[in-house]
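The next block holds one structure in the form of structure tokens; read it before the comments.
Each value in this text was obtained by applying a stated rule to the coordinates, not by laboratory testing. Please read these numbers as outputs of a predicted model, since none were measured by experiment. In this analysis, Cβ positions are derived from the backbone assuming ideal geometry, glycine residues included, and neighbour counts consider all displayed protein chains.
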Amino acid sequence: MAQTKEYWLQLENQPWDVCPWGVDRAAGRLLPDGPGGAHRPTTQEALVIRRYTANWAQPAGAAVNPWDLTEPGPAQTLAGIPGAVLEAKVADEIIVHFRNMDRRGGVADAERIHSLHAHGVQRQPIYDGVFPLSPPDPSQNDRRGDRIASGESFTYRWTCPQRAAAGAWLIHDASLVGAKSAALGALAVVIIRAPGEQRPDLPTAAVRQPGDTATRFAAVPEPPKRGEYVLLFHELPGVGLCLNGRQALGNTPTLVAGLGTRMTIHCLNAAASPVTVQIHGHRWERSGRWIDAELLPAGGGATLSMLSGSAENGGGLGEWLVTGMTGAAQVAGSLVVTAGGAVTLA
């Protein structure tokens, strides 16, 4: 049965550390503290699209990847990149209340005007959010969804009536300075489920316990039977290629699965260049052929479906690199296949 899914999102500016855990496991070293305790801060404040409860009462605190051992919790960061992951089913209506709270100093007023543009969904031109073609909305005092000034809000209405909408899609700023703002992190994701598609399993307990380090985890919950993961490749100015806003193994996503986990991995590319994604030791089917590398065009994406540890899809117990490569850069996270309990990584 079709439903109306309603979300409250807020764009905010904040300092950003691409290595919040202060390690580089690939290099086998700790990273020195920088200003304010940040290990590798960006030269500019990030712009994050943060999910809130109704009427922007308080941050919702929803994780991008509940099965990520390195995703910082609310105590370490105010939001993530992508800043929000929305969910709907084919035939649902999606209502997004968006408020712009970009309070950056030292930038022109025009650079603090933002919008939301969603791939994969259908909408009227009023709700497209792409400058300069969105007409005024009479129901919202003739405000325009492609140019929302700091302190103002706009409500978008999107639909996904056809089966072709199923998948994971980028949401990004598409205002006059949308490309620059998206590069600073103004990104979100909407996952639209096909008819009959099951939702993924969530952890029964926190995947990370107090006292855990970058390589030792005391009590990882039993892995999911059905796991879903979001991997967003993008380039932060002055930093380079990132995975979910992070760099360096030990900070980038460290995803948990088990033998027999049905993995749905949504890979999205918000970088300006194509990105080649590889999950080491694994392969998946594409157009009747088995492959082990996926090329994501700029602005594009792919959903990889694999049964962990199977004869066809590969993998097995242990940790496997997940890499994204452009012609000049590489970023890596990892996939940990485990039975749960105490986990020690190399």
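Before moving on, here are some points about what is shown:
- Rounded to 5, percent antiparallel among DSSP beta bridges of region 216-344: 75 percent
- Over 19 Å [Cα-Cα, region 4-193], rounded percent: 60 percent
- Sparse-neighbour loop sites [GluC sites (Glu not before Pro); region 225-319; at most 13 other C-beta within 10 Å; DSSP]: 312
- Estimated vicinal HN-Hα couplings, Hz - region 287-298 in sequence order (Karplus 6.51, -1.76, 1.60; Gly, Pro = x): 6, x, 10, 9, 9, 10, 8, 10, 8, 9, x, 4
- The chain, relative contact order in percent, only Cα pairs under 8 angstrom and at least six apart counted: 17 percent
- Share, in percent, of DSSP beta bridges within the chain that are antiparallel, nearest 5: 70 percent
- Radius, Kirkwood style, for the chain when every pair of distinct Cα atoms is counted (Å): 20.6 Å
- Relative contact order (%) - criterion: Cα under 8 Å, at least six apart; region: region 4-193: 26 percent
- Cα gyration tensor shape of region 216-344, rounded if a/c is under 1.5, else prolate or oblate by comparing a/b with b/c: oblate
- At q = 0.25 Å⁻¹, base-10 log of I(q)/I(0) for region 205-290 (Debye sum, equal scatterers on each alpha carbon): -1.35
- Estimated inter-spin distance, residue 292 and residue 205, nm [label 7 Å along Cα→Cβ]: 3.6 nm
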